[in-house]
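The values are calculated or read from the model by the stated rules, or taken from the named source; none is laboratory data. None of these values were measured; they are calculated from a predicted model. In this analysis, Cβ positions are derived from the backbone assuming ideal geometry, glycine residues included, and neighbour counts consider all displayed protein chains.
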Amino acid sequence: MFVDRVKVTLRAGKGGNGCVSFRREWGVPKGGPDGGRGGDGGNVFLVADARAKSLSFFRFHPINQARNGAHGEGSNRQGRKGEDLILSVPIGTVVKSSDPGEVLFDFTGAGQKFLAARGGKGGRGNASFATPTHRTPRESEKGRPGEEREFILELKLIADVGLVGFPNVGKSTLISKISAARPVIADYPFTTLVPHLGVVDVDGEKSFVVADIPGLIEGAHQGHGLGVQFLKHIERTKMLVHMVDVSPYSGRDPVKDYSVIIEELKAYNPDLAQRPQILAANKIDLLKDKRKPLEALKKLAREKKHSFYAISALQGTGLKELVLAMAETLATLEGTGR
């Protein structure tokens, strides 16, 4: 199950209580205080794990707590520290405060660690209160409670290239042809209900990651269709491949479809529409006359200063050229530090 947004409560462990104890041994009638302090409570850490793919664990475990520290004991024995709780999250997870939603940490690489809740300090035992003028203290401290904090965890996939377009334009077919990703493919809208990542190898030397974003429709930024649920996964991409369906059977206007998706991207985040784009006209294998629909898109690409490729994702036509164009665009962006 793909889960990309959850609200969680994380509780650190409580510190152990300090001990009141006096040394009692044969021949030592006044051994003095020897109560040890309590152990500190365990901390709660979030750690980025490359093997984690979604936040589904937290959907079924919304409350997580570290262990408490043990109480102090006599003979100056300190209580054992509570075991830390380490929770794995996918790379790309953003940690936000539950109110007002401030970003606290952004996991961009494997192994990054965030201290989500700090364990409480253990209380002092009576041995810590002994002074030359107060030789038999009977006071001790209670352990302090650990932090309890609420967070919003939001997953934003990290990919180099984002595939965008209306439902059923062939994004899933394309990513299945150029990578090892295997999304569900069928001839009806909203086949893809979760984003998919695929690693594309270029000439066996270079590689990049492509994200297949579920189909957008008009009003997506307001929650229509699959709504903003997946728009956030485009935010981290360096460039976009905008796919349109040019087949005569879709009953759609490819130029209008392009404009609708661009407006949705602008409404959600104006920066998205400014990302480098490649315009890909898909399903050319179904065209009897390729000139009219393709000429309109070529003109649009020239006006928007986008590269243009006519492809058939199903038959593999033009895919090699498209993949090389993606790689070249990414190389250019890396050279400019973007």
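Tabulated data for the structure shown
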{"item": "Only one of VAL20, VAL8 that is touching a helix residue (DSSP H, G or I) at 6+ places or on another chain (Cβ under 9 Å), in a loop (DSSP other than H, G, I, E, B), in contact (Cβ under 8 Å) with a residue 24 or more places away in the chain and aliphatic (A, V, I, L, M)", "result": "VAL20"}
{"item": "Flag for ARG338 being at pLDDT below 90 and either assigned by TED's automatic domain parsing to the domain that holds VAL3 or among the basic types (Lys, Arg) (or both)", "result": "yes"}
{"item": "Cβ-Cβ under 8 Å pairs, at least 6 apart or on other chains, segment 26-47 side closer than 30 Å to VAL89 by Cα, far side crowded, with 24+ Cβ neighbours inside 10 Å and among the hydroxyl-bearing types (Ser, Thr, Tyr)", "result": "LEU46/THR93"}
{"item": "Complete set of residues in segment 279-338 that are farther than 22 Å from ILE261 by Cβ, hydroxyl-bearing (Ser, Thr, Tyr) and within 30 Å of the chain's Cα centre (by Cα)", "result": "THR332, THR336"}
{"item": "Selection count where residues are assigned to a strand (DSSP E or B) and either closer than 30 Å to ARG77 by Cβ or among the β-branched types (Val, Ile, Thr) (or both), scope segment 87-115", "result": "6"}
{"item": "Residue within segment 252-270 that is of a type in the set (Lys, Arg), within 24 Å of the chain's Cα centre (by Cα) and within 26 Å of ILE91 (Cβ to Cβ) present", "result": "no"}
{"item": "Residue check, ASP160 of a type outside the set (Lys, Arg), modelled with pLDDT of 95 or more and either in the same structural domain as LEU55 (by TED's automatic domain parsing) or touching a strand residue (DSSP E or B) at 6+ places or on another chain (Cβ under 7 Å) (or both)", "result": "no"}
{"item": "Filter result (over 16 Å from VAL44 (Cα atoms) and over 25 Å from the mean Cα position of the chain (by Cα)) within segment 107-133", "result": "GLY122, GLY123, ARG124, GLY125, ASN126, ALA127, SER128, PHE129, ALA130, THR131, PRO132, THR133"}
{"item": "Any chance GLY204 is buried (at least 21 other Cβ atoms within 10 Å of the Cβ) and either modelled with pLDDT under 85 or more than 25 Å from LEU272 (Cβ to Cβ) (or both)", "result": "no"}
{"item": "First in segment 91-119 and basic (Lys, Arg), second anywhere and in a strand (DSSP E or B), Cβ under 6 Å, 6 or more apart", "result": "LYS96/VAL103; LYS96/ILE152; LYS113/PHE45; LYS113/VAL47"}
{"item": "Count - residues of segment 304-318 that are at pLDDT 95 or above and either assigned to a helix (DSSP H, G or I) or outside the structural domain of ARG236 (by TED's automatic domain parsing) (or both)", "result": "0"}
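Okay, residues lined up against (1) within 30 Å of HIS233 (Cα to Cα); (2) of a type in the set (A, V, I, L, M):
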| residue | (1), (2) |
| --- | --- |
| ASP4 | yes, no |
| GLY39 | no, no |
| HIS61 | yes, no |
| ALA70 | no, yes |
| GLY82 | no, no |
